[in-house]
1. Could we say that residue 127 is modelled with pLDDT under 95, part of a loop (DSSP other than H, G, I, E, B) and more than 30 Å from residue 247 (Cβ to Cβ) here?
2. Pairs please, first residue from region 60-75 and modelled with pLDDT of 75 or more and surrounded by fewer than 17 Cβ atoms within 10 Å (Cβ to Cβ), second anywhere and small (Gly, Ala, Ser) and assigned to a loop (DSSP other than H, G, I, E, B), Cβ atoms under 9 Å, 6+ apart in sequence or on different chains.
3. Looking at region 183-204, which of its residues are among the polar types (S, T, N, Q) and surrounded by 16 or more Cβ atoms within 10 Å (Cβ to Cβ)?
4. Those residues that are in a loop (DSSP other than H, G, I, E, B) and modelled with pLDDT under 90, I need them from region 287-309; list them, please.
5. I'd like to check something: does region 138-152 contain any residue that is of a type in the set (D, E, K, R), in the same structural domain as residue 211 (by TED's automatic domain parsing) and more than 20 Å from residue 391 (Cα to Cα)?
6. Can you find a residue that is part of a strand (DSSP E or B) and at pLDDT 90 or above anywhere in region 165-179?
7. For residue 175, indicate whether it is surrounded by 17 or more Cβ atoms within 10 Å (Cβ to Cβ) and in contact with a helix residue (DSSP H, G or I) (Cβ under 7 Å, 6 or more places away or on another chain).
Amino acid sequence: MNKFILDPKEKYVFIMGAGASKDDNLPIQDEILKNILKQEFAFKNKEGSHIKEYKKVSKEIKSLLKTVFTGNRSIDNISLETIFNVLETAISKNENIGNVQIEKIKKYYDSLLKGIMFATLTDAELKEHNIFNKKAVSPYTILGQKIYNGCKKQKNVDISFITFNYDICLDRVLLSMYDENEDKSFDVDFGIDLGNYEQEKWFHRPRKRKINLLRPHGSINWVFCKSCGKVFSKISKQGKPLDLIGKKKCYNCGLSSVEPYIVHPTNNRIYENKYIMQIWTKVENILQEADNWCFIGYSLPEADRYFSYILSKIYNFRKVKTVKKNKLPKISVVNTNSSINKYKNVLEKIKSCDNEIGETENYFKAIQRGKDVFKRFENYFYNVEKYECSFKDFVSKYFKVL
């Protein structure tokens, strides 16, 4: 595999999926539901205040599966998207599901959101995601260190991150690049006017040297006020679970309790919040201008159909040579899922001992159809630069800044 060379003179956008956080011991989406049911959450505080809430959420989701679906035996064949699709449709139509009342459906919905938050909380200390920690092992931190050290003498850089993950490992790494001297600092631009900026002792608006961190699906540490409409990021540290879900009055207006805000995984995601819409607009602008699109641990899932549309629309526009200064971006894909190679290896072993391979090969092709990440990207883009390795191997072995 070729080296990925970041040239500070060019514009880069990194698109992060769940596979990027796997090396930080955080679950991919297929694992979140299992973790909720087993109460296998990373965060545990010394006071033990998490235990009661964890049990409560797990019990609620078990009840949901038993009453609305067919119980825990269906866990391997059901996804978060499926559950949210059913609950969301019932809520939008204000209808019961059999004898499950609408009030109970809303409680199930809230419990599932809490479960996602608990499942994506990291137990890593804050220093693990600090670029000045020489012993850090997180690939997010290693990536941040290379960008910071390679670009710190640049007057400006044009680097953006678009993440569809709910965890805040990347946030913590980028925020650790802050310095009171703005000439030495890289500030984080979340693409929206956070309510934090108007509060004392919270982080401030980004200054001249910025790195964009865009979250089209929100974050586990974002809270939203329905009265004044402000979004706040509780990013000072990972936070206790009860701090994130507890009913606290809005830091700005004090009229309503702030509530967690994430765009939950469904096949028909609705982007109606004005801040989320602002982020999507900035996502389009950045993709339109970037010289390099690098996808890390992201597989173009069906549930992200809107983003797939945006990518296709912008890429095809950039094909048009009659548009002034138009050119295609360079596409790089870091496929952190090694299952494709495993299937290929098994198939090769079978071939070596069995000449009648046709039926077996067709079987493997059938079960792998649509799962090959590289082929999925090649449906959309030309000349994809492929990296089949973990995120950590990518940043340690292949990523370099000029």
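1. Details: modelled with pLDDT under 95: yes; part of a loop (DSSP other than H, G, I, E, B): no; more than 30 Å from residue 247 (Cβ to Cβ): yes.
So residue 127 fails the test.
2. Correct list of pairs: 62/71; 67/98.
3. Kept after step one, since they are among the polar types (S, T, N, Q), are these residues of region 183-204: 185, 196, 199.
Correct list: 185, 196.
4. First, pick out the residues of region 287-309 that are in a loop (DSSP other than H, G, I, E, B): 290-291, 297-301.
Of everything in region 287-309, just one residue is in a loop (DSSP other than H, G, I, E, B) and modelled with pLDDT under 90, namely 301.
5. Among the residues of region 138-152, at least one is of a type in the set (D, E, K, R), in the same structural domain as residue 211 (by TED's automatic domain parsing) and more than 20 Å from residue 391 (Cα to Cα), which makes the answer yes.
6. Our first condition is that a residue be part of a strand (DSSP E or B); within region 165-179, this holds for none.
No, that holds for no residue.
7. Values: surrounded by 17 or more Cβ atoms within 10 Å (Cβ to Cβ): yes; in contact with a helix residue (DSSP H, G or I) (Cβ under 7 Å, 6 or more places away or on another chain): no.
The answer is no for residue 175.
Conditions (1) within 21 Å of the chain's Cα centre (by Cα); (2) over 22 Å from residue 17 (Cβ atoms); (3) not β-branched (Val, Ile, Thr), marked per residue:
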| residue | (1), (2), (3) |
| --- | --- |
| 162 | yes, no, no |
| 168 | yes, no, no |
| 184 | no, yes, yes |
| 221 | yes, no, yes |
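The values are calculated or read from the model by the stated rules, or taken from the named source; none is laboratory data. Small disclaimer: the values here were computed from a predicted structure and weren't measured. In this analysis, Cβ positions are derived from the backbone assuming ideal geometry, glycine residues included, and neighbour counts consider all displayed protein chains.
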